[in-house]
Amino acid sequence: MKKRIAFICSVESSKLSDAHIFKDLCLVPILLGEYLGYEVSIVTTEMNETLLQQSFPAVKFEHVPFGIDYVANMNAYLVKHAKDIDLVFAIGPYPSYLSILQTYKQYNPNGKIYMKLDVNRFWLNRLKTYPYFLELLQLCDLLTSECASIQTAIREFTQLDVKHIPNGFYEHFHTEPVQFHEKENRILSVGRLDAPEKQTIFTVKAFLAAQLTDWELRLVGPMSESFQQELTMVLDGHPCATQVTIVGPIYDKVQLEEEYRKAKIFCLTSTVECYAHVFAEAAKNGCYIVTTDVDGAADITQQQRFGIIHPTHDWESVGKTLRQISQQETLLADTCQQLQAYARKELNWQHIVKNVAAYLNE
């Protein structure tokens, strides 16, 4: 009989979007299960089962109703099924997990729990004040942090053996390494452009301030109408406004890959992140990374070897960096080759889950 891994969702991830299917919270248990030859289930209230089946036919969606008490419903599910689950995958040390994972261990003491922490520095500071935090982590057989600095901080606070597992990229289709001559004078920003923590306006202001006559800034991702109006106000009347292209959301994976491949520089001006997934995508495609000081920035740039880190909110210094870096063709070409080689070797999710399996002794 095959062993089984189950992604048991917390209250916070009880309704999974289509995008979530291709992000760490679903990819890690799915790819780990594929590597180990385990059956894989995603246990939650809501997700696009049709898309899941099209993308990963072997993975099962198991429905647990949200109702008036999701935790009670999940506990009832585990009372019945815990003994059939060899490995539980959990993401984020949310309070709802304490009762859920206690129930799992009660009904399957030999089962293992792997928690991917997904914690940034601000959340960690709050977590340290919550009594449940340490108790929850002590239930887990494997704890991993995406960022080396967060790994160290949690180790020191909890005295637990937290491993370092970075976020990676998932290849929907095979891609050849990018040659630098394929790239254009493009600066790329990808994400939910109107999210307050993304501070996309800072990226735009920095680009305009840099006055790069033969460069283009491309903004990829969804945005609200009100944010688009705000963006228009910033661009209105500026001599470089026509060099800013609002691409909008891209759902076609080939087209999105092409945006990364053609960019020489990737720019992120967020105020808070926990090793943004776009970092791995940019690195895999050989983009020099200009970023604010968010968690994961030091890891992906290898202590600023392949990028420059700025204080959050300091878009003026980002603008100066864009101007300086855009003129350093040799640096950009070297980064294209070296960062890409590192990312393709170390940051492919298919490779990363092998390290997870080793830590689990599976």
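Ellipsoid semi-axes for the range 1-111, based on the Cα gyration tensor and the rule √(5λ), read 20, 17, 12 Å when sorted largest first.
As an exercise, find the ratio Rg/Rh for the range 112-231 from alpha-carbon atoms, using the Kirkwood inverse-distance average for Rh. Working shown, then result.
Numbers: Rg = 20.1 Å, Rh = 18.2 Å.
Using only Cα positions, Rg/Rh for the range 112-231 is 1.10.
Within the listed set PHE122, PHE89, PHE61, the Gaussian network model of the chain (springs between alpha-carbon atoms below 10 Å) gives the highest mean-square fluctuation for PHE122. On the basis of the beta-carbon distance and an R0 of 35 Å, GLU197 and THR245 show a calculated FRET efficiency of 0.95. Magnitude of the charge dipole for the range 180-346, about its Cα centre and with charges confined to Cβ atoms of Lys, Arg (+1) and Asp, Glu (-1), is about 380 debye.
Sorted from greatest to least, the principal axis extents spanned by the alpha carbons of the range 200-289 come out as 36, 29, 26 Å.
Only loop residues by DSSP count here, and only those with at most 16 other Cβ atoms within 10 Å; note down the trypsin sites (Lys or Arg not before Pro) in the range 301-362 that meet that. For trypsin sites (Lys or Arg not before Pro) across the range 301-362 that sit outside H, G, I, E and B with at most 16 neighbouring Cβ atoms in 10 Å, the list reads ARG305. Near GLU316, once Lys and Arg are set to +1 and Asp and Glu to -1 for all other residues with Cβ below 14 Å from its Cβ, the sum equals +2.
Taken over the range 1-122, lysine pairs spaced eight or more positions apart, or on distinct chains, with alpha carbons under 18 Å apart number 19. D by Stokes-Einstein for the range 246-285, Kirkwood Rh over Cα pairs, 20 °C, 1.002 mPa s: 189 µm²/s.
Under the combined filter of DSSP loop state and at most 11 neighbouring Cβ atoms within 10 Å, the range 245-313 retains these chymotrypsin sites (Phe, Trp or Tyr not before Pro): TYR251.
Computed on the Cα trace of the range 204-362, the radius of gyration divided by the Kirkwood hydrodynamic radius gives Rg/Rh = 0.99.
For the chain, the fraction of alpha-carbon pairs lying more than 26 Å apart is 53 percent, rounded to a whole number. Distance between the pseudo-spin-label points of HIS174 and ALA19 (7 Å out from Cα toward the beta carbon): 3.1 nm.
Can you pull out the trypsin sites (Lys or Arg not before Pro) in the range 66-173 that DSSP calls coil and that have at most 14 other Cβ atoms within 10 Å?
LYS128
Every number in this text was worked out from the coordinates using simple rules, so none of it is lab data. Keep in mind that this is a model prediction, so the values were computed, not measured. Glycine also receives a Cβ, built like all others from the backbone with ideal geometry; neighbour counts cover every protein chain displayed.
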